[in-house]
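Presented below is the structure to which this report refers.
The values are calculated or read from the model by the stated rules, or taken from the named source; none is laboratory data. Since the structure is predicted, the reported quantities are computational estimates derived from the model, not experimental observations. Neighbour counts are summed over all protein chains in view; Cβ atoms, including those assigned to glycine, are modelled from backbone coordinates with ideal geometry. Quick note on the areas: whole protein, heavy atoms, side chains included, nothing else; ligands and nucleic acids left out. Shrake-Rupley method; radii C 1.70, N 1.55, O 1.52, S 1.80 Å.
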Protein chains: 2
Amino acid sequence: MKTVPVGVSARHIHLSQEHVELLFGAGYQLTEFKPLSQPGQYAANEQVAVIGPKGSFGKVRILGPARKRTQLEVSRTDAFSLGINPPVRESGNIEGTPGITIQGPAGEVVIEEGVIVAARHIHFHTSDAERFGIKDKQLLKVKLEGERGLILDNVIARVSEDFALDMHIDTDEANAAGAKTGDTATIID
Amino acid sequence: MKTVPVGVSARHIHLSQEHVELLFGAGYQLTEFKPLSQPGQYAANEQVAVIGPKGSFGKVRILGPARKRTQLEVSRTDAFSLGINPPVRESGNIEGTPGITIQGPAGEVVIEEGVIVAARHIHFHTSDAERFGIKDKQLLKVKLEGERGLILDNVIARVSEDFALDMHIDTDEANAAGAKTGDTATIID
């Protein structure tokens, strides 16, 4: 059985160091609130507001450390609330995506692009991928059991020495499946 | 191919005539805004507010005609916003479910039970069920195609002379699948 732990990603944002400083002040560094499943990644203490044409969210968690480019990840439900129509994309692939207004305690940033609905994916450590016979970028079918059980198609495999085994789905997917962080899913194909 | 049209149900409420009158005034009758896919059912012009322990929704559409018992149907995402934990249930099966506060222009009603997350289901006219070889209450597997394609397990068949062929999923399920009203799904098992 190719089983993987499930991690549910609520809406969150990655910021460039330039944007961290525009939002929180010159020289500001993000501080760690708690570690995430992927080595070196953390939920920061800091939060920002994001403002769309229709709605806003007052407290969006920043995930650290700072990245090359700022990226807001929302569910489709969130996107309707904000009044934007972001595509389903892999993290980092933000060309041509909608922008958003971001507010922090020290300032505001308007990004021209960077809002995505994250494509569901599984992080595999190289050793897990070998054990399961799975290659980077492979598209998988993954089963979630239960009353709202379902099989997710097009789950992207991401393989790296830097990853820990974890499947990331968003809150729409988790709620549709009745799943929560810590559940177990099975790769069936 | 056993194909069925998809209907996405946003949060909505069914009211008893007693509650219609408490919320809108003595003798008040719901008025039709537009017909729904099921014969005789309609979205009403009237809306109410629903208030949970954590959050509220200001404008929840009433579906008519009035029913025996008041029932609020929300997505899991909505339930988190409201601060309640309703079970996944078939419509009408509300015993032991959470209550909610409902406000209309003429008054307020507090129901002790009646909030559910609707179990995904397909309405079949008797002739559709015969054609597909499907029985009332049968649990089906249904495929939704696309970038976020998935297979839903435990889709409940509901067969009646009074039904028109339509699969009802909630907004979490629709968003997880990248599906919208008017899409087509395929019963695979």
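What pairs in A:Lys59/A:Lys135; A:Lys137/B:Lys143; A:Lys68/B:Lys180; A:Lys59/A:Lys143 have C-alpha atoms more than 25 Å from each other?
From A:Lys59/A:Lys135; A:Lys137/B:Lys143; A:Lys68/B:Lys180; A:Lys59/A:Lys143, over 25 Å: A:Lys59/A:Lys135; A:Lys68/B:Lys180; A:Lys59/A:Lys143.
If you take the accessible area of A alone plus B alone and subtract the pair, what total do you get in square angstrom, rounded to 100, with a 1.4 Å probe?
Buried area between the two chains comes out at roughly 1900 Å².
Counting Lys and Arg as +1 and Asp and Glu as -1, what is the net charge of the other residues whose Cβ lies under 11 Å from the Cβ of A:Gln29?
-3
In region B:151-181, what residues drop by 20 Å² or more in accessible surface going from the chain by itself to the full protein assembly, probe 1.4 Å?
Hits at the 20 Å² cut-off: B:Ile151, B:Asp153, B:Asn154, B:Asp172, B:Glu173, B:Asn175, B:Ala176.
What is the gain in length, in nm to one decimal, between A:Asn93 and A:Ser37 on full extension, counting 0.36 nm per residue of separation less the C-alpha to C-alpha distance?
Going from the current span to full extension adds 18.0 nm.
Would you grab the residues whose amide H sits under 5 Å from the one on A:Gln138? Only those 5+ places off in sequence or on another chain, please, with H modelled 1.01 Å from N.
The list, which skips near neighbours in sequence, is A:Ala157.
Along Cα→Cβ, 7 Å out, is where each label goes; now give me the distance between the ones at A:Gln29 and B:Glu113 in nm to one decimal.
Between A:Gln29 and B:Glu113, the label points sit 5.7 nm apart.
Would you kindly state how much longer the chain becomes between A:Arg131 and A:Met1 on full extension, computed as 0.36 nm times their sequence separation minus their alpha carbon distance, in nm to one decimal?
45.7 nm
Carbon and sulfur: what percent of chain B's accessible surface (1.4 Å probe)?
Ligands and nucleic acids excluded, carbon and sulfur reach 50 percent.
So which GluC sites (Glu not before Pro) in region B:141-189 are both in a DSSP loop and have at most 14 other Cβ atoms within 10 Å of their Cβ?
Hits after loop and neighbour filter: B:Glu147, B:Glu161.
Every other copy gets compared here: list the nm distances from the B:Pro105 label point (7 Å along Cα to Cβ) to its counterparts, shortest first, one decimal.
Output for B:Pro105: 4.6 nm, nearest copy listed first.
Provide the FRET efficiency to the nearest 0.05 for the A:Arg61-B:Ala10 pair, computing r from the beta carbons and using R0 = 35 Å.
My answer for the efficiency is 0.85.
From the label point of B:Pro65, set 7 Å from Cα along Cα→Cβ, how far away are the matching label points in the other copies, in nm, ordered shortest to longest?
Those separations, rounded to one decimal, come out as 6.8 nm.
Quick one: check the C-alpha center-to-center distance for region B:77-139 versus region A:172-189, whole angstrom.
Region B:77-139 and region A:172-189 have Cα centres separated by 22 Å.
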